[in-house]
1. Out of all the residues in the range 1-50, which are at pLDDT 75 or above and of a type in the set (V, I, T)?
2. Kindly provide the set of residues from the range 58-68 that are surrounded by 14 or more Cβ atoms within 10 Å (Cβ to Cβ) and over 12 Å from V10 (Cβ atoms), ordered by number.
Amino acid sequence: MAHTPGPWVVHLPKPIDEQEDDGDGQIAIHMGTRIKSPGYYRLAHEIVLGEGMEPGQNPEMIANAYLIAAAPDMYEALRHILEAIDTCGDDAVHYALANHQTLGDVVSEARAALAKARAAKAEG
């Protein structure tokens, strides 16, 4: 699967009185490498879900942004869980992945990915 590698980061709007350019009022997901130098700023990819927004406006859109941003983390966690189950079946609890993770570490990775997806609830 070819996708832009993580981390994918949610960009939330600044308060109206602090917005200096168009991007300051966006709910967006920034993906890939950032290049920043005087007069130049670039992301590999950006998904803009809403523009001209204020903080806290449209909580559903903010929750969607966090869910999208968590996608690479959830993909990797699910891949590791399925690898453990496919390799060991009922003995998956004793399985150590090639990078020496235990199943407990893989489950922690999955929990962290889900927490990232739920971040909007913590901010709301």
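1. T4, V9, V10, I16, I27, I29, I47, V48
2. Once the filter is applied, which keeps residues that are surrounded by 14 or more Cβ atoms within 10 Å (Cβ to Cβ) and over 12 Å from V10 (Cβ atoms), the range 58-68 yields only N58.
Here's the yes/no breakdown for (1) more than 19 Å from I47 (Cβ to Cβ); (2) assigned to a helix (DSSP H, G or I); (3) touching a helix residue (DSSP H, G or I) at 6+ places or on another chain (Cβ under 7 Å); (4) at pLDDT 70 or above:
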| position | (1), (2), (3), (4) |
| --- | --- |
| E60 | no, yes, no, yes |
| D90 | yes, yes, no, no |
| N99 | yes, no, no, no |
| V107 | yes, yes, no, yes |
| R111 | yes, yes, no, yes |
| A120 | no, yes, yes, no |
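The values are calculated or read from the model by the stated rules, or taken from the named source; none is laboratory data. Keep in mind it's a predicted model, so treat the numbers as computed, not measured. Every residue, glycine among them, receives a Cβ derived from its backbone with ideal geometry; neighbour counts consider all protein chains shown.
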